[in-house]
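First the structure, in the form of structure tokens, and then the observations on it.
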Amino acid sequence: MADDKKLTTRAEDFSAWYNEVVLRAELADYSPVKGSMVIRPNGYGIWERMQRALDDKFKATGHVNAYFPLLIPESFMKKEAQHVEGFAPECAVVTHGGGKELEERLYIRPTSETIIYHMFAKWVQSYRDLPILMNQWANIVRWEMRTRLFLRTLEFLWQEGHTAHATHEEGEAEARKMLGVYRDFMEGWIAMPVITGYKSESEKFAGGLRTYACEALMQDNKALQAGTSHDLGQNFSKAFDLKFQSESGEVEYAWNTSWGVSTRMVGGLVMTHGDDNGLVTPPKLAPIEIVIVPIWKTDEERSKLVEAANKLKDELTSWSGRGEDRLRVHIDAREGMKPGAKYYEWELRGIPLRLELGPKDLEKQSVFSARRDTRAKAAIPMAGVAASVAQLLGTIQSDLFTAAKARRDAATHRGDISYARFKEIMDGPGGFVYAGWNGDPAVEAQVKEETKATIRVIPDAEFRSPDAPMTCMVTGQPAKHEVVWAKAY
RNA sequence: CGGGACGUAGCGCAGUCCGGUAGCGCACCUGAAUGGGGUUCAGGGGGUCGCGGGUUCGAAUCCCGCCGUCCCGACCA
């Protein structure tokens, strides 16, 4: 930072910009343990709103919450072969407890499939016990080598849904349904457009049959995997003996799914909407939607305006036009700080809407508003102010999505793209490239080696090009799929 | 774990080459004025100079060892 007051700009150095926004908006701070972080109230407040919105959606789709323990016996981790292979290198293991070496080592969960399906096996006997639709909110540990605030840390918070079904069709439908729930949340709440689809073999969850994912594009044109949903097939039910007796009396293994989103989404929010003045929070996820800044010169004016600000806050928070979801308002009446300094601070923190209230506004029976996203300013009449403000917040929410989608589409390349051109794109601006792929993992590995880009997703029909490429971008052989390439976080 | 850089106040840094007992900006505290886009003045608090050892009358500075952090690579929600 050349100037202490200014952020590094996104154009100068995107990752420096990201770190500064996260630290200075007080979303998080580094903890003494390398690679782990403290989520501060400003960041946790966003996560809490994410949790609430998602939890409501999970409940609405018939899921219930439970909690499974942090520690998993080593033997459990080793029961599902691919799962072991996928996770072993990044697991933290407890070897000692109660002052002595443990007989069986305990893994700190990197995810909870093993313990959960072990328990499900205990609880399920008959098809009448199915489906089980369960979710837990938890912390998990994955020992990453290179970490970044929110995007990749040793420990993070997430939810993991786990379900058991009598048929594959039903499991498959569940995995797809939850992918849709994630998409609705990401687009409707984070205002972050995503591509949905499924992962190639090399990118899928170790131990599952198929991994579905939501992929978003950040402002530096790198992709962020924002959520995943797995069709686990019967791999875990076989490993953990999760059986049931069917209607016809046969004993069968259950079909499982698991799906999760994490605090990584907070990083996605920052990198989707943030600008060179700092964080921009979509109103629906903002712990504070509106900050009122009273403006005064003299002491008499101060008491008058602070009173007026309180009155305005009362009017806003008591308004019931949004039902139980009351407007979330904060008054900044700090002394010894000029209004301009306050504006910069609240902008850095991403508060969606600022209302300035000074003597002139009182005279005119209005407040002066400033949008965080566009920085557009306008006077709002006091009469009906709550409804006006709520409407404006709604506009901000939808404008953020529109702008993010326009950015993504501008950085999306389709059509007949040569591998040489592809390399130019990945070397330069980056972005999503839709291209044909012959389905060969060796080709995928070669592209990754040569360009650092990976197949983010084999897209759902809705996202596919109307004139999808018929040939593989690399080999020229007939294409098996149209796939989406990008460099990823 | 390999390659590079760096550890001095909460943060960012100067001082290290050429040893003499620590300084600047921001932040913080107090007071006064200021107050519609980063306010000014005055006063003030805060440092085992990463750790350990050595050389020296004397070490942030020179020597040896260790530790840690960051960046670049191999792994990843």
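The values are calculated or read from the model by the stated rules, or taken from the named source; none is laboratory data. Nothing here was measured: the structure is a model prediction, and the numbers come from that model. No Cβ is skipped: glycine too gets one built from the backbone with ideal geometry, and neighbour counts run over all protein chains shown. Surface areas here come from the heavy atoms of the whole protein model, side chains and all, with no ligands, DNA or RNA. Shrake-Rupley method; radii C 1.70, N 1.55, O 1.52, S 1.80 Å.
Show me the GluC sites (Glu not before Pro) within the range A:232-282 that DSSP assigns to loop and that have at most 11 other Cβ atoms within 10 Å of their Cβ.
Working: sites: A:247, A:250, A:252; in loops: A:247, A:250.
The qualifying sites are A:247, A:250.
For trypsin sites (Lys or Arg not before Pro), the sites in the range A:264-337 that DSSP calls loop and that have at most 11 other Cβ atoms within 10 Å are A:297, A:334.
Taking the Cα centre of chain A as origin, sum charge times position over the Cβ atoms of Lys and Arg (+1) and Asp and Glu (-1), and report the length of that vector in debye to the nearest 20.
On the way: 63 positive and 69 negative charges, 201 e Å.
In total the dipole reaches around 960 debye.
Grab the other residues whose beta carbon is less than 14 angstrom from that of residue A:365, score K and R as +1, D and E as -1, and report the net. Spell out each step's value before the answer.
Values: positive: A:311, A:360, A:364; negative: A:315, A:361, A:363.
Taking every Cβ under 14 Å from that of residue A:365, the sum is 0.
Take every Cα-Cα pair in the range A:227-323 and report what % of them are more than 17 Å apart. Value for the range A:227-323 (Cα pairs over 17 Å): 74 percent.
Arrange the residues A:155, A:12 by how much accessible surface each exposes, largest first, with a 1.4 angstrom probe.
Details: A:155 85, A:12 130 Å².
So, going from the largest accessible area down, we get A:12, A:155.
Taking the helices alone, chain A has a mean residue ellipticity at 222 nm of -11000 deg cm²/dmol, built from -39,500 (n - 2.57) per DSSP H run of at least 4 residues and averaged over all its residues. Positive contributions from Lys and Arg (+1) and negative ones from Asp and Glu (-1), summed over other residues with Cβ under 14 Å from the Cβ of residue A:15, come out at +2. Per residue, the accessible area of chain A comes to 45 Å² when a 1.4 Å probe rolls over the protein heavy atoms. Using a simple spin-label model with pseudo-atoms 7 Å out from Cα toward Cβ, residue A:184 and residue A:96 lie 5.0 nm apart. Positive-end ranking of A:19, A:32, A:117 along the dipole of the range A:1-132, with charges on Cβ about the Cα centre, is headed by A:117.
Shape of the range A:61-115 from the C-alpha gyration tensor: oblate (a/c of 1.5 or more and a/b not above b/c, with a ≥ b ≥ c the square roots of its eigenvalues).
Note down the net charge around residue A:109, summing +1 for each Lys or Arg and -1 for each Asp or Glu among other residues with Cβ under 13 Å from its Cβ. Mind dumping the intermediate values first?
Values: positive: A:142; negative: A:74, A:90, A:113, A:155, A:160.
Result for the local shell: -4.
If you roll a 1.4 Å probe over chain A with all protein chains in place, what percent of the accessible area is carbon or sulfur? Don't jump to the answer; show the numbers that get you there.
Details: 11160 of 21990 Å².
Percent of accessible area from carbon and sulfur atoms in chain A: 51.
Per residue, how big is the convex hull of the range A:396-435 when only Cα atoms are used? Give it in Å³.
Working: hull volume 2.3 nm³, N = 40.
It is 57 Å³ per residue.
I'd like the FRET efficiency for residue A:409 and residue A:461, computed as 1/(1 + (r/R0)^6) with the beta carbon distance as r and R0 of 25 Å, rounded to 0.05. Provide the component values of the computation, followed by the final result.
Numbers: r = 18 Å, r/R0 = 0.71.
It comes to 0.90.
Kirkwood's formula applied to the C-alpha pairs of chain A gives a hydrodynamic radius of 24.8 angstrom. Ranking A:263, A:298, A:282 by Cα position along the charge dipole of the range A:191-320, where only Lys, Arg, Asp and Glu carry charges on their C-beta atoms, puts A:263 farthest toward the positive end. In this Cβ point-charge picture (+1 for Lys and Arg, -1 for Asp and Glu), the range A:255-323 has a dipole of about 260 debye about its Cα centre.
Roughly how big is the range A:261-410's charge dipole about its Cα centre, with Cβ charges of +1 (Lys, Arg) and -1 (Asp, Glu), in debye to the nearest 20?
Numbers: 24 positive and 21 negative charges, 72 e Å.
So the magnitude is around 340 debye.
Listed by chain and number, the aspartates and glutamates placed with their C-alpha closer than 15 angstrom to that of residue A:487 are A:203, A:215, A:220, A:424, A:427, A:444, A:449, A:450; residues fewer than eight positions away on the same chain are left out.
Note on residue A:378 and residue A:307: the model spin-label points, each 7 Å out from Cα along the C-beta direction, lie 3.1 nm apart. Across chain A, C-alpha contacts under 8 Å between residues 6 or more apart give a mean separation that, scaled by the residue count, equals a relative contact order of 14 percent.
Bridges between two residues of chain A, per DSSP, are antiparallel at a rate of about 85%.
Take residue A:367: with every protein chain present and a 1.4 Å probe, its accessible area is about 0 Å².
Per-residue accessible area (protein heavy atoms, 1.4 Å probe) orders A:55, A:276 as A:276, A:55, starting from the largest. Residue A:174 exposes around 10 Å² of accessible area when a 1.4 Å probe is run over every protein chain in place. In a DSSP loop and with at most 14 other Cβ atoms within 10 Å, the GluC sites (Glu not before Pro) in the range A:318-423 are A:324, A:335. In terms of distances greater than 19 angstrom between alpha carbons, the cross-link table entries A:177/A:238; A:5/A:297; A:79/A:100; A:423/A:452; A:6/A:222; A:100/A:122 yield A:177/A:238; A:5/A:297; A:79/A:100; A:6/A:222; A:100/A:122. For chain A, the longest principal axis of the C-alpha atoms and the axis of helix A:441-451 are separated by about 40°. Please say if the range A:332-489 is rounded, prolate or oblate, where rounded means a/c under 1.5 for a ≥ b ≥ c the square roots of the C-alpha gyration tensor eigenvalues, and otherwise the choice is prolate for a/b larger than b/c and oblate otherwise? The shape class here is prolate.
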